[in-house]
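Here's the structure, in structure tokens; my notes come after.
The values are calculated or read from the model by the stated rules, or taken from the named source; none is laboratory data. In this text the structure is predicted, and so the values were computed from the model without any measurement. Virtual Cβ from ideal backbone geometry, glycine too; neighbours counted across all protein chains shown. Remember, those area values only see protein heavy atoms, side chains included, never the ligands or the DNA or RNA. Shrake-Rupley method; radii C 1.70, N 1.55, O 1.52, S 1.80 Å.
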Amino acid sequence: MKELILTLQKEIIVPVEMDKVLPEVIEKMSLEEIKNIELVQGRKRVKLDDIFDVELNDIEGEPRVVIKNSNQKLKYIGSKMTKGEVIVEGDAGMYVGAEMKGGKIVVNGNADSWAGQNMKGGELLIKGDARDYVGSAYRGDWRGMSGGTIIVEGNAGNEIGEFMRKGVIHIKGDVGIMAGIHQNGGMIIIDGNADVRVGGEMKAGAIIVYGKVEEVLPSFKFEGIVENPIIKLSKKDEGTPVTGTFYKFIGDYVNRKPKGQLYISVDSNPDLI
Amino acid sequence: MEYIIKNGIVYDPLNGINGEKMDICVKDGKIVESVSDKAKVIDASGCVVMPGGVDSHSHVAGAKVNVGRMFRPEDSKMEIFAKKGLRTGTGFSVPSTYKTGYQYCEMGYTTVIEAAMPPLIARHTHEEFLETPQIDKAAMPLFGNNWMVLEYLKEGDIKACAAYVAWMLKATKGFAIKIVNPGGTEAWGWGKNVHSLDDPVPYFDITPREIVRGLAEVNELLGLPHSIHVHPNNLGHPGNWETTLETMKCVEGIKAKPKVGERETVYYNTHCQFHSYGGTSWKDFESKALEIAEYVNKSKHAVIDVGQVTLDETTTMTADGPMEYDLHMTNGLKWANCDVELETGSGVVPFIYSPKGPVYSVQWAIGLELFLYTNTDKVMLTTDHPNAGPFTRYPRVIAWLMSKKYRDEWLYNKVHKWAQQRSHVADADKEYDLYEIAKITRANQAKVLGLSETKGHLGVGAEADIAIYEIDPEEKDGKKIEKAFRYAKYVLKGGEVVVKDGNVVKEMFGDTIYLDVQVGEELMKEVLKDVEEKFRRYYSVNLDNYPVSEEYAHSWRPIKIDATDIN
């Protein structure tokens, strides 16, 4: 299989959309064809080798795209990809892994907003921080992330997992306000602290916060303290075991008959109740 | 510029031409008897030639369309229009203005009537008209919940009401009297609705029956080209067919007296599909389209447009505020609501008509039933764009009508079985021919709108708005029919070729048609006193700032009506 190594030649000012450079696309192309892929840059079109040094190798296993010297001007990296691997050496711009269906993206740096927007499957690993709307729905849409896994090793911004329906978002650092807003399924795990309004207007799914929580919305109902719970997202769900002692809340009762589960660590929040 | 369209098969119902092979000559924007040798030849062999399409009911411009655009960015993403030399546009169910104009034109439509203009926000509608290319436009201001109208009709002062309507049509550059949920939207200001024709409106204590009947009388007293354009009460509620029939019956006996045009009817029931529901709840929901069609067929005073559900994800928008609230409570999706001071209100909610949904399938079947069982002189094709589906689906509706095979493919394979069980669409063997298609897409509209002098036909003297479709008149393949009507081979607008092979080749801006009605001066003075009083006491704007001013005059085409005999 093929490995495409792209090295950004110099700083660019106008962002470039990278949605045409996917593992499954380059798999069938020659080096010459790859160099001539047209990318949208602002209101113009550029060829891939106008802004990147292009190198194509044969490797074992799945096709792979490596973007070196990357920065946040490169948008839509791995957008709609279905297989293979994309490795970003540096930062990724907005919409990394948007609508991805399969394969794996690794960002060895920070990611801008909307990482994994409307994601359907696959795995998105961000080793640095991510900004707002990780794993959210498209602006205005009520049908959000429907599968796959997003892992952010650093912190994340506001409104992560907005309108999420399925899949897992795991933030190892802290998150901003309104994590899991309008959540309708799936699981959000936050290892660090969470700012206000966690789970606002959520209908289903689960949010687990290990760190400190600023407040719990008054429209959540306290269910008691649970130890090492097994979290079931539906009746047929076998459940995901979680270790620790948590306050369990159900909400958000601004909706009718909500099934959203909110688990907040007792150890980090001894004075919450 | 001269053109001669040769060897096309012509369908022109207003002149009784049914599939004759003949040449059409065009000179200086009009259809003429003959042209010189220098005329450019358009070869239409193997094609059919029809007058440019006329859409009598479509929400294409104005405040609530724009609310739809603003609060549905996800719709914007669904369809992108980008062609070289043309303005780009986005939106599937609520397209931007340029996309709207281009796409109507691609389908051979050349005239479109905006179905609901809140008078206070008329400027917005006209502002968007300025940016909508390729088509002639007109807008119908809303009167059915207007305080002044309610008060005049309550007092029984038809003449004063007529003068007020005349003033309003001129002030807002409006085209006809639109009535939406008469009394119901006003009741929504009190958090209520009206549920039958004799349910009184809070405070005003007037019934929808009095409003509809009164405005129909006003309409004929003034002699407007179009009749009253009515969206009756109880839209979208199971069992509403009785209200619909009663509303149609309540204007019986009023005579059509248009001072312009050849209209014979006094009542236009829009999106009739939404008003032909039987049953008492969504569980025993069923079609009553046959009953409605039977009544329309036998009565001389009424016509309908269908509002065919196309089974797409779309955006509903109407001045029927309470109905949009009901819809929002049903599907739980986002909702916008607006109150327009003394005049009307509105609501917007996204809606997904899934073919798998039993209710949606019956709605789909009801629309088709209305087409298949109503006299083709009395029915018109609309999807109430974008309420039941976007206008770009008209070709698909045409394909369902022309080919039973294609219709059955949907009926038995794609939609829920309720469509077979709870409607009569499966029993209908009727297949539309192109003559009937020409009726329901242009001729009927032109006639009922009172524009048939120059629009909707191909006789000498008509405007050279012509659509040429590459289709065999005997074609039964649904996909081919759809493609032929979606992308016209040629479209002429005002005597110029604007579409070739489905692509817009020339951008031009059509006219905005409005009514300039003169009533007796003394009467107008009296009524203006009342208007001034209302503005002083209740309106948030000054009277001088209210009328649509000359800055919006792009290509205004007034229809002058002399009603000075009303004193």
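Data overview
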{"read-out": "Matching residues in segment A:49-74 - criterion: being buried (at least 21 other Cβ atoms within 10 Å of the Cβ) and of a type outside the set (Gly, Ala, Ser)", "value": "A:Phe52, A:Pro63, A:Arg64, A:Val65, A:Ile67, A:Leu74"}
{"read-out": "Meets criteria (free of Cβ contacts under 8 Å to residues at least 40 places away in the same chain and open to solvent by 40 Å² or more (accessible area, probe 1.4 Å)) for B:Arg123", "value": "no"}
{"read-out": "Matching residues, segment B:31-50, being more than 25 Å from B:Asp501 (Cβ to Cβ) and in contact (Cβ under 8 Å) with a residue 12 or more places away in the chain", "value": "B:Val32, B:Glu33, B:Ser36"}
{"read-out": "Selection count, segment B:271-325, where residues are basic (Lys, Arg) and touching a strand residue (DSSP E or B) at 6+ places or on another chain (Cβ under 6 Å)", "value": "1"}
{"read-out": "Residue in segment B:69-91 that is surrounded by the fewest Cβ atoms within 10 Å (Cβ to Cβ), counting only those that are within 11 Å of another protein chain (Cβ to nearest Cβ) and in contact with a helix residue (DSSP H, G or I) (Cβ under 9 Å, 6 or more places away or on another chain)", "value": "B:Thr88"}
{"read-out": "Options A:Ile171, A:Ile189, A:Ile207; residue that is under 21 Å from A:Lys104 (Cβ atoms), of a type in the set (Val, Ile, Thr) and surrounded by 22 or more Cβ atoms within 10 Å (Cβ to Cβ)", "value": "A:Ile171"}
{"read-out": "Which listed residue, of B:Val94, B:Val54, B:Val65, B:Val112, is touching a residue at least 40 places away in the same chain (Cβ under 8 Å) and within 14 Å of chain A (Cβ to nearest Cβ)", "value": "B:Val94"}
{"read-out": "Check on B:Tyr268, open to solvent by less than 50 Å² (accessible area, probe 1.4 Å) and closer than 23 Å to B:Ser58 by Cβ", "value": "yes"}
{"read-out": "Selected residue (only one of B:Asn337, B:Asn297, B:Asn375, B:Asn331 is within 20 Å of B:Ala399 (Cα to Cα) and surrounded by fewer than 17 Cβ atoms within 10 Å (Cβ to Cβ))", "value": "B:Asn375"}
{"read-out": "Selected residue (only one of A:Asp50, A:Asp19 is of a type in the set (D, E, K, R) and in contact (Cβ under 8 Å) with a residue 12 or more places away in the chain)", "value": "A:Asp19"}
{"read-out": "Whichever residue in segment B:192-246 is assigned to a helix (DSSP H, G or I) and of a type in the set (Val, Ile, Thr) and, among such residues, is nearest to B:Ala293 (Cα to Cα)", "value": "B:Thr244"}
{"read-out": "Residue list for segment B:321-359, restricted to those being away from every other protein chain (no Cβ under 14 Å), over 22 Å from the mean Cα position of the chain (by Cα) and within 30 Å of B:Lys414 (Cα to Cα)", "value": "B:Tyr325, B:Asp326, B:Pro355, B:Lys356, B:Gly357, B:Pro358, B:Val359"}
{"read-out": "Where B:Thr100 falls short, out of the listed (1) open to solvent by less than 10 Å² (accessible area, probe 1.4 Å); (2) within 14 Å of chain A (Cβ to nearest Cβ); (3) of a type in the set (S, T, N, Q)", "value": "(2)"}
{"read-out": "Check on A:Ile87, away from chain B (no Cβ under 14 Å) and open to solvent by less than 10 Å² (accessible area, probe 1.4 Å)", "value": "no"}
{"read-out": "Residue ID - nearest to the other protein chains (Cβ to nearest Cβ), chosen from residues in segment A:123-156 that are β-branched (Val, Ile, Thr) and open to solvent by 10 Å² or more (accessible area, probe 1.4 Å)", "value": "A:Thr149"}
{"read-out": "Enumeration of residues in segment B:5-18 that are open to solvent by 30 Å² or more (accessible area, probe 1.4 Å) and either free of Cβ contacts under 8 Å to residues at least 60 places away in the same chain or within 17 Å of B:Asp43 (Cα to Cα) (or both)", "value": "B:Lys6, B:Asn7, B:Ile9, B:Gly16"}
{"read-out": "Residue match in segment B:292-301 (condition: in contact (Cβ under 8 Å) with a residue 60 or more places away in the chain and touching a Pro at 6+ places or on another chain (Cβ under 7 Å))", "value": "no"}
{"read-out": "Filtered residue count, segment A:33-84, keeping only those that are closer than 23 Å to A:Lys104 by Cα and either part of a loop (DSSP other than H, G, I, E, B) or hydroxyl-bearing (Ser, Thr, Tyr) (or both)", "value": "19"}
{"read-out": "Qualifying residue in segment B:349-363 (condition: modelled with pLDDT under 95 and β-branched (Val, Ile, Thr))", "value": "no"}
{"read-out": "Selection within segment B:520-536 - open to solvent by less than 10 Å² (accessible area, probe 1.4 Å) and either in contact with a Leu (Cβ under 8 Å, 6 or more places away or on another chain) or assigned to a helix (DSSP H, G or I) (or both)", "value": "B:Val527, B:Val531"}
{"read-out": "Test: residue in segment B:226-241 that is open to solvent by 30 Å² or more (accessible area, probe 1.4 Å), among the aliphatic types (A, V, I, L, M) and touching a residue at least 24 places away in the same chain (Cβ under 8 Å)", "value": "no"}
{"read-out": "Selection from segment B:555-567 of residues that are open to solvent by less than 100 Å² (accessible area, probe 1.4 Å) and under 25 Å from the mean Cα position of the chain (by Cα)", "value": "B:Ser555, B:Trp556, B:Arg557, B:Pro558, B:Ile559, B:Ile561"}
{"read-out": "Among the residues listed as B:Ala39, B:Ala44, B:Ala61, the single one being closer than 21 Å to B:Pro395 by Cα and touching a Lys or Arg at 6+ places or on another chain (Cβ under 9 Å)", "value": "B:Ala44"}
{"read-out": "Enumeration of residues in segment A:115-139 that are closer than 27 Å to B:Phe71 by Cα, part of a loop (DSSP other than H, G, I, E, B), in contact with a strand residue (DSSP E or B) (Cβ under 9 Å, 6 or more places away or on another chain) and not β-branched (Val, Ile, Thr)", "value": "A:Ala115, A:Gly116, A:Asn118, A:Met119, A:Lys120, A:Arg131, A:Gly135"}
{"read-out": "Helices (runs of 4 or more DSSP H) lying entirely in segment B:365-428 (those with 1 or more residues that are of a type in the set (Lys, Arg) and in contact with an Asp or Glu (Cβ under 6 Å, 6 or more places away or on another chain))", "value": "B:394-402, B:404-409"}
{"read-out": "Boolean, B:Val180 is among the β-branched types (Val, Ile, Thr), over 15 Å from B:Ala116 (Cα atoms) and either at pLDDT 95 or above or crowded, with 19+ Cβ neighbours inside 10 Å (or both)", "value": "no"}
{"read-out": "Some residue of segment A:103-121 being open to solvent by less than 10 Å² (accessible area, probe 1.4 Å), farther than 15 Å from A:Ile77 by Cβ and within 14 Å of chain B (Cβ to nearest Cβ)", "value": "no"}
{"read-out": "Hits in segment B:378-397 - residues which are open to solvent by 10 Å² or more (accessible area, probe 1.4 Å) and out of contact with any strand residue (DSSP E or B) (no Cβ under 8 Å at 6 or more places or on another chain)", "value": "B:Thr392, B:Arg393, B:Arg396"}
